[in-house]
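Working notes for the structure below.
The values are calculated or read from the model by the stated rules, or taken from the named source; none is laboratory data. Predicted model only: the values in this text are computed from it and were never measured. Don't worry about glycine lacking a Cβ; one is built from the backbone with ideal geometry, like all the others, and counts go over all protein chains shown. The protein model used for the area step is the full one, side chains on, heavy atoms only, and it has no ligands, DNA or RNA in it. Shrake-Rupley method; radii C 1.70, N 1.55, O 1.52, S 1.80 Å.
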Amino acid sequence: MTVLQIDSSITGAASASRTLTQAIVDRLGRDDVVYRDVAADPLPHLTERGQDEHILDEFLAADTVVIGAPMYNFTIPSQLKAWIDRILVAGKTFQYGANGPEGLVGDKRVIVAVARGGFYDEGSPAAGMEHVETYLRGVFGFIGIVPEFVIASGLAIGPEQREESIRSALGETVRLAA
Ligand SMILES: Cc1cc2nc3c(=O)[nH]c(=O)nc-3n(C[C@H](O)[C@H](O)[C@H](O)COP(=O)(O)O)c2cc1C
């Protein structure tokens, strides 16, 4: 089994989500890390033709998956969506049974590092525009996984807030690895 690290930020070395995924992976302390950068090497959009199952196999082979999910226009980058499109596969990661949809992926740890420019706390005016954490919680729940989240918010508010939010999220990574 492996750790699969997925980054999707377009902002390179300045990326908060990349900083967080790397910190999480470092804290896991594993030497079997498979790295995929869907911003540097974008996956094509889905088509009706059969898809290469390499991405799905890579996901299934990992016991732990660490995903960097920056918020772009209130949701995940389309590059990350193209990856999600390859891991939600009927008959492989979910199926429809007598009682509705059933997730088929058990026993896998998924840790998502979210980076957002604004604040989306429950009850706040922008809460209804949060489609990163809510979407990924739904997507992974659908295939049978309860994801864990490390979230840095308010990164576009100003340099002090950015520093404080990243520091606090980095602190969270200690708890995750414990
Ligand atoms: C193209 C683009 C779109 C963005 N859209 C939003 C948005 O809708 N809401 C928000 O709170 N922040 C938005 N931001 C700010 C990012 O979420 C913030 O910069 C975050 O740090 C991105 O993660 P990264 O540092 O890993 O790239 C956007 C940033 C970019 C570059």
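Within the option set ILE24, ILE76, ILE67, ILE10, being near the ligand (Cβ under 9 Å from one of its atoms) and hydrophobic (A, V, I, L, M, F, W, C) holds for one residue only, ILE10. In the set ALA82, ALA90, ALA127, only one residue is among the hydrophobic types (A, V, I, L, M, F, W, C), away from the ligand (no atom under 14 Å from the Cβ) and more than 16 Å from the chain's Cα centre (by Cα); that residue is ALA90.
Of all the criteria given as (1) within 12 Å of the ligand (Cβ to nearest atom); (2) aromatic (Phe, Trp, Tyr); (3) part of a strand (DSSP E or B), the one not satisfied by TYR96 is (1). Criterion applied to VAL132, VAL110 was being within 11 Å of the ligand (Cβ to nearest atom), of a type in the set (Val, Ile, Thr) and surrounded by 15 or more Cβ atoms within 10 Å (Cβ to Cβ), and the one residue passing it is VAL132. Of the residues screened, THR47 is not one that is near the ligand (Cβ under 10 Å from one of its atoms) and of a type in the set (Val, Ile, Thr). Being hydrophobic (A, V, I, L, M, F, W, C) and closer than 15 Å to GLY117 by Cα is the filter here; which residues of the stretch 156-175 pass it? Selection gives ALA156, ILE157, ILE166, ALA169.
Checked against (1) open to solvent by 70 Å² or more (accessible area, probe 1.4 Å); (2) touching a residue at least 40 places away in the same chain (Cβ under 8 Å), HIS54 passes all but a single condition, namely (2). Scan the stretch 71-83 and give yes if some residue there is at pLDDT below 95 and open to solvent by less than 30 Å² (accessible area, probe 1.4 Å), otherwise no. No: zero hits. Scanning the stretch 1-41 for residues that are open to solvent by 40 Å² or more (accessible area, probe 1.4 Å) and either over 16 Å from LEU155 (Cβ atoms) or touching a helix residue (DSSP H, G or I) at 6+ places or on another chain (Cβ under 6 Å) (or both) yields a count of 15. Answer yes if at least one residue in the stretch 113-123 is in a loop (DSSP other than H, G, I, E, B), touching a Pro at 6+ places or on another chain (Cβ under 8 Å), within 16 Å of the ligand (Cβ to nearest atom) and touching a residue at least 12 places away in the same chain (Cβ under 8 Å), and no otherwise. Looking through the stretch 113-123, at least one residue is in a loop (DSSP other than H, G, I, E, B), touching a Pro at 6+ places or on another chain (Cβ under 8 Å), within 16 Å of the ligand (Cβ to nearest atom) and touching a residue at least 12 places away in the same chain (Cβ under 8 Å). Among the residues in the stretch 151-161, are any within 13 Å of the ligand (Cβ to nearest atom), in contact with a strand residue (DSSP E or B) (Cβ under 6 Å, 6 or more places away or on another chain) and in a helix (DSSP H, G or I)? Looking for residues that are within 13 Å of the ligand (Cβ to nearest atom), in contact with a strand residue (DSSP E or B) (Cβ under 6 Å, 6 or more places away or on another chain) and in a helix (DSSP H, G or I), one finds none in the stretch 151-161, hence no. Using beta carbons and a limit of 9 Å, which pairs, at least six apart or on different chains, have the first residue in the stretch 89-107 and at positive phi and the second one in a strand (DSSP E or B)? From the stretch 89-107, the pairs are ASP107/ASP63.
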